[in-house]
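What follows is a single structure, written as structure tokens, with notes after it.
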Amino acid sequence: MASNHTVAVLQRIGSNDDGYACINLDCNAPEVTIGRSRESCYSIFDNIISRKHAIFRFNVSDGQWTVESLGMHGVILNNIHVPKHQQIPIHHMDTVAFSSVSRFLYSFQHAPKVEMIEEPHSKKLCLNPNSPVALQTSVCSTTSLERTVKNKTINTQLATKSQEAKDNNRKKKTDYLEKTKEIEERIARINEENQVLIEQNESIVHKSTMEIDILQEQLEQEKRLRIETMAELTNVKESYKRLEIELKHKVNNKSVDEEMQSRRQLRSSLGNGKSRILLSPNRPVKERDSASPLVLRPFIPEHRVCFVYDERMALHRNVRQPGHHEQPARITSVYRKLEKYGVLERCHRLDARIATREELLWLHTPDYIDELSATAKKKQSTLNRLERQYDSIFFCPETYQAALLSAGSSLQVVESILRDESRSGVAVIRPPGHHAECDDAFGFCYFNNTALAAKYAIETHSLNRILIVDWDIHHGNGIQKMFEEDPRVLYISLHRLDLFPFNPEQSDCNVVGKGLGTGFTVNIAWPTKGVGDSEYLAAFRQVIMPIANQYNPQLVLVAAGFDAAIGDPLGDCNVTPEGYGQMCHMLTSLAKGRVALLLEGGYDLKSISNSMMMCARSLLGDPLPTPSIKSLQPEAAVAIRRVVKHLRPYWSSLDVENNNQMQAR
């Protein structure tokens, strides 16, 4: 059957899916509704149209089509939003967008009235509610032809775009390959440079290893020579004494000329070139004269005072309590004070070093050393938990290195003194050490610096009389425990009995040593706070100096804690910087002035700085102000008498009555 009607279709733009690429609008109906309506007259896909009511409606009258917006989301005609419930004319090739411009875009197409033969089974638009399928419509042959042409045009455009995309991808791939090649070449160059650096490092390590071996061999040779020299020195001393005695017996029967001739013969017999160490009448001389094997001139060290300090020791800190008493400023403030008043420029500066494992093993156990060394690689959270295993100890990753430097620097000062490079020395070091025991960190201390210094003098220089004076206000339990049975070390401690480490059974006046070391431990234990210059100087005059003079030490080590100073928050005592200087001056009369000050405690920055400066000036020979002397505290006087009572059986110099009787005779 033939009929005249206006052909109108909605051609989908941008989709190749034939299922809904084209929607035929039946011009025989006065109105054509596209979308979900309540009557469900005509519908297209649910996923195209809004979920609420119809979206739009097409009307035709006298060949003119109009579009009307009915739904919530509206219709866009030629990129212009169509007002709701207004019929807007639509023309051939206009664009219509439903819901979203980018997703559902159609081209409206219609042709003038033509006579066409309807196909036998034409259908209206219908909705299949069970599945989202394309609407089946009756399309005339002309419409099919137009759709085919349109599809070909679209396919051509798509093919062009696809070719452009391929070209872009090919270009990107080429760029990618070029960049990949460039990166590979750069990596190859870096690998070559790394290989060169590795070879250089291996060469440096090999060279350093050889140099270390050579240095170790030289050190061993020097150690052997030192031992041989000391043995020869002893033999020469004995020979000289015997000859002196024989000479005294004969001198009365000889003239002056004969006496001088005998002395020349004596010197000639000693200076036959076989001995490396020669003697003047009173002291050893370790210098050789190129012209003569005998050098008879007094011993004068090259430097009066040596000094060691390293800022790396200030890296050790309490992370959880930055204001902790044992803080880095303890040594930095001392250093600045000595520098400000010109003390440092008068001292011989030594390089700090770390103590070796072999040196630490003299007094500390291998397991304890390994446990401390492991802290350098642990996280701070782990170190915080580790602190709970110790008493008054804190850790950070830099603690182990600082402890090694503190111990090694003490040994540096002792070495400089004993090889006659310096007469005395000062070590501004931390952490302190006199509480540390062989297998335990204790009271801010990790390695026992002063005890290691004494052991170093014994092991490397064969000393057998070392005096340690510990004037830190806290008892040096670690030093006492390490040497309480060793008569080669005389340990004297001045401390408060009621302070840390709270062990009166080990630190009271009646504790005098054990075994062969009985009498070589002296504990001057103050029973109360507030002691000052008068009490300390009285203890020096009545106890320390008499015992020390009788002991005749070869080296004096001072565990120089300044927490008995005025203003210290922990010591609560009243020793002045002048008092410390006077005590240091008294000790320089021993061991030919070989005195080493090794910093221990002291927690008031002003007091510790002034006190250490006064001691350093004392070692340099500067005149010192005299401290004011007051009457002794009764408790302190009793403590001094108790010390004398317990030590008198071992030291005749403390027997005042017998000494007075001998002086009267």
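Confirm whether N464 is over 29 Å from G567 (Cβ atoms) and of a type outside the set (V, I, T).
yes
Conditions tested, residue by residue: (1) modelled with pLDDT of 95 or more; (2) closer than 21 Å to Y551 by Cβ; (3) touching a helix residue (DSSP H, G or I) at 6+ places or on another chain (Cβ under 7 Å).
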| site | (1), (2), (3) |
| --- | --- |
| S424 | yes, yes, yes |
| A427 | yes, no, yes |
| H434 | yes, yes, yes |
| G443 | yes, no, no |
| T450 | yes, yes, yes |
| I468 | yes, yes, yes |
| I479 | yes, yes, yes |
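Tell me, which residue of segment 437-488 that is small (G, A, S) and part of a helix (DSSP H, G or I) is nearest to H325 (Cα to Cα)?
G478
For segment 489-505, does any single residue satisfy the condition of being charged (D, E, K, R), under 23 Å from C445 (Cα atoms), part of a loop (DSSP other than H, G, I, E, B) and touching a Phe, Trp or Tyr at 6+ places or on another chain (Cβ under 9 Å)?
yes
Scan R385, R330 and give me the residue that is in the same structural domain as K606 (by TED's automatic domain parsing), within 20 Å of the chain's Cα centre (by Cα) and surrounded by 15 or more Cβ atoms within 10 Å (Cβ to Cβ).
Details: R385 fails: surrounded by 15 or more Cβ atoms within 10 Å (Cβ to Cβ).
When all the criteria are applied, what remains is R330.
Scan (1) among the polar types (S, T, N, Q); (2) assigned to a loop (DSSP other than H, G, I, E, B); (3) in contact with a Pro (Cβ under 9 Å, 6 or more places away or on another chain) for the single condition T375 breaks and write down its number.
Checking T375 against (1) among the polar types (S, T, N, Q); (2) assigned to a loop (DSSP other than H, G, I, E, B); (3) in contact with a Pro (Cβ under 9 Å, 6 or more places away or on another chain), the one that fails is (2).
For every residue, the table says whether it meets (1) modelled with pLDDT under 95; (2) under 26 Å from R430 (Cβ atoms).
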| site | (1), (2) |
| --- | --- |
| K514 | no, no |
| N523 | no, yes |
| E535 | no, no |
| G567 | no, yes |
| C584 | no, yes |
| S609 | no, yes |
| R617 | no, yes |
| P625 | yes, no |
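Yes or no: N252 under 29 Å from T460 (Cα atoms) and at pLDDT below 80?
No; evaluated as a whole, the condition is false for this residue.
Go through (1) among the β-branched types (V, I, T); (2) within 30 Å of Y240 (Cβ to Cβ); (3) modelled with pLDDT of 95 or more one by one and return the number of the condition I300 breaks.
Among (1) among the β-branched types (V, I, T); (2) within 30 Å of Y240 (Cβ to Cβ); (3) modelled with pLDDT of 95 or more, the lone unmet condition for I300 is (3).
Restricting attention to segment 499-512, which residues are farther than 20 Å from D572 by Cβ and within 40 Å of the chain's Cα centre (by Cα)?
Across segment 499-512, the qualifying residues are E505, Q506.
Of the numbered conditions (1) over 42 Å from the mean Cα position of the chain (by Cα); (2) within 30 Å of S333 (Cα to Cα); (3) without any contact (Cβ under 8 Å) to a residue 60 or more places away in the chain, P627 satisfies every one except a single condition; which is it?
(3)
With crowded, with 20+ Cβ neighbours inside 10 Å, over 14 Å from I466 (Cα atoms) and assigned by TED's automatic domain parsing to the domain that holds K630 as the only criterion, which of V531, V512, V489 stands out?
V531
Looking at segment 554-570 only, could you name the residues that are in contact with a strand residue (DSSP E or B) (Cβ under 6 Å, 6 or more places away or on another chain) and buried (at least 23 other Cβ atoms within 10 Å of the Cβ)?
Listed by number, the residues that qualify are L555, V556, L557, V558, A559, A560, A564, A565.
Scan segment 516-528 residue by residue and report those that are assigned to a helix (DSSP H, G or I) and surrounded by fewer than 18 Cβ atoms within 10 Å (Cβ to Cβ).
L516 - this is the single residue of segment 516-528 that is assigned to a helix (DSSP H, G or I) and surrounded by fewer than 18 Cβ atoms within 10 Å (Cβ to Cβ).
Among the residues of segment 339-353, is there at least one that is assigned by TED's automatic domain parsing to the domain that holds T588, in contact with a Lys or Arg (Cβ under 6 Å, 6 or more places away or on another chain) and at pLDDT 95 or above?
First pass over segment 339-353, keeping only residues assigned by TED's automatic domain parsing to the domain that holds T588: 339-353.
Applying the additional criterion that residues be in contact with a Lys or Arg (Cβ under 6 Å, 6 or more places away or on another chain) yields none.
There is no residue in segment 339-353 that is assigned by TED's automatic domain parsing to the domain that holds T588, in contact with a Lys or Arg (Cβ under 6 Å, 6 or more places away or on another chain) and at pLDDT 95 or above.
For residues in segment 74-105 being buried (at least 16 other Cβ atoms within 10 Å of the Cβ) and in a loop (DSSP other than H, G, I, E, B), which is modelled with the lowest pLDDT?
Among them, the one singled out is S99.
How many of the residues making up segment 577-618 are part of a loop (DSSP other than H, G, I, E, B), surrounded by 22 or more Cβ atoms within 10 Å (Cβ to Cβ) and in contact with a strand residue (DSSP E or B) (Cβ under 6 Å, 6 or more places away or on another chain)?
Residues in segment 577-618 being part of a loop (DSSP other than H, G, I, E, B), surrounded by 22 or more Cβ atoms within 10 Å (Cβ to Cβ) and in contact with a strand residue (DSSP E or B) (Cβ under 6 Å, 6 or more places away or on another chain): 2 in total.
Among residues belonging to segment 619-659 that are in a helix (DSSP H, G or I) and charged (D, E, K, R), point out the one that is surrounded by the most Cβ atoms within 10 Å (Cβ to Cβ).
Among residues in segment 619-659 that are in a helix (DSSP H, G or I) and charged (D, E, K, R), the one surrounded by the most Cβ atoms within 10 Å (Cβ to Cβ) is R642.
The values are calculated or read from the model by the stated rules, or taken from the named source; none is laboratory data. Source: prediction; values computed, not measured. With ideal geometry, Cβ positions are generated from the backbone for all residues, glycine too; neighbour counts draw on all protein chains shown.
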